[in-house]
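Structure first, then comments.
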Amino acid sequence: MITHRVQTGNSQREDMDIMRVVLTNAMSCLILSLILSGLVCCNHLKVADISVEEPVFNSSYIIGPLDVLEIQVWKEPDFSRQALVRPDGKITLPLIGDIHASGMNTLDLKALLTEKLRGFIDDPEITVILVQSGSKNFFIIGKVNRPGTYPLSPDMTVLQALSAAGGLTEWADKDSIRIIRRFSAKEEIIPFDYDKVISGEKLEQNIILQPNDTIIVP
């Protein structure tokens, strides 16, 4: 009887040891799986962060008086500077003097400056960026937090204009907003329903503004 009890006790201890090994291995596999899953998730997050699109500069913008331009000449800090387009439409740069910039887009001005600087620099690399639009404005009146005159940024939409003016006030009539656009002696009234644009129902009303457009928020 004693021998049988000892054997039974040993067998139970062996079973317990086997169970501990099995449980330990299972826990190790679970922890390893969680770690690997976390690494995969982190990698996905990193890839998503890297894939952010870079801003696109609108080269079709027509330069006008009071615009501020950033002119960068690679490896030539003496020529790189911000330039204000004067009321006569010209900018001034070292050595080459006055350049008529008004009426050109940034690509045209880049080509002109490249040609002018060839006499002073070998193969000049030039970048022209619109820093601030002073020649093109829009107007917003009515029930917005900051009515007034604002510079018109390239490809600026009605929603962006409303945001620049601090958004709508509490009692604004959101579905009766109007944009007045002038063509010579004529005027066009363009409707804008804020709630339907925000909901995606009438996105076509979120038009790109043109110089001297007036937004009325009743």
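For Met156, the amide hydrogen comes within under 5 Å of the amide hydrogens of Leu209, counting only partners 5 or more places away or on other chains and with H modelled in the peptide plane.
Once the Cα-Cα distance is subtracted from the 0.36 nm per residue extended length, the Ile189 to Asn137 segment shows a gain of 16.9 nm. A cut-off under 11 angstrom between Cβ atoms defines the neighbours of Glu201, and their net charge, with Lys, Arg +1 and Asp, Glu -1, is -1. As a rough guide to protection, the peptides 198-204, 66-72 ranked by mean Cβ packing within 10 Å, highest first, stand as 66-72, 198-204.
In the range 79-176, with Lys and Arg counted as +1 and Asp and Glu as -1 at Cβ, which of these residues, Leu117, Met104, Ile91, has the Cα nearest the positive end of the dipole, that is, farthest along it? Going by the Cα projections, it comes out as Ile91. If you take all other residues with their beta carbon under 15 Å from the beta carbon of Ala172, and give Lys and Arg +1 and Asp and Glu -1, the sum is 0.
Rounded to whole numbers, the Karplus 3J(HN,Hα) couplings from phi for the range 152-163 are 8, 6, x, 6, 6, 9, 4, 4, 5, 5, 4, 5 Hz, using 6.51 cos²θ - 1.76 cosθ + 1.60 with θ = phi - 60°, and x at Gly and Pro. Each Lys or Arg adds one and each Asp or Glu takes one away; over the other residues whose Cβ falls under 14 Å from the Cβ of Arg118, this sums to -3. Enumerate by residue number the chymotrypsin sites (Phe, Trp or Tyr not before Pro) in the range 95-173 meeting two conditions: DSSP loop (anything except H, G, I, E, B), and at most 16 other Cβ atoms within 10 Å of the site's Cβ. Passing both the DSSP loop test and the Cβ count: Phe120, Trp171. Rounded to the nearest 20, the size of the Cβ-charge dipole of the range 68-132 about its Cα centre is 160 debye, with Lys and Arg at +1 and Asp and Glu at -1. Taking the Cα atoms of the range 68-132, the ratio Rg/Rh between the radius of gyration and the Kirkwood radius comes to 0.92.
Considering only beta bridges that DSSP places wholly inside the range 137-217, some 80 percent are antiparallel.
Each label point was placed 7 Å from the Cα along the Cα-to-Cβ direction; for Asp88 and Ile62 their separation is 2.2 nm.
Bear in mind that the values in this text are calculations on the coordinates, not laboratory data. Just so we're clear, the structure is a prediction, and the values are computed from it rather than from any experiment. Please note: Cβ atoms are built from the backbone with ideal geometry, for glycine as well, and neighbour counts cover all protein chains shown.
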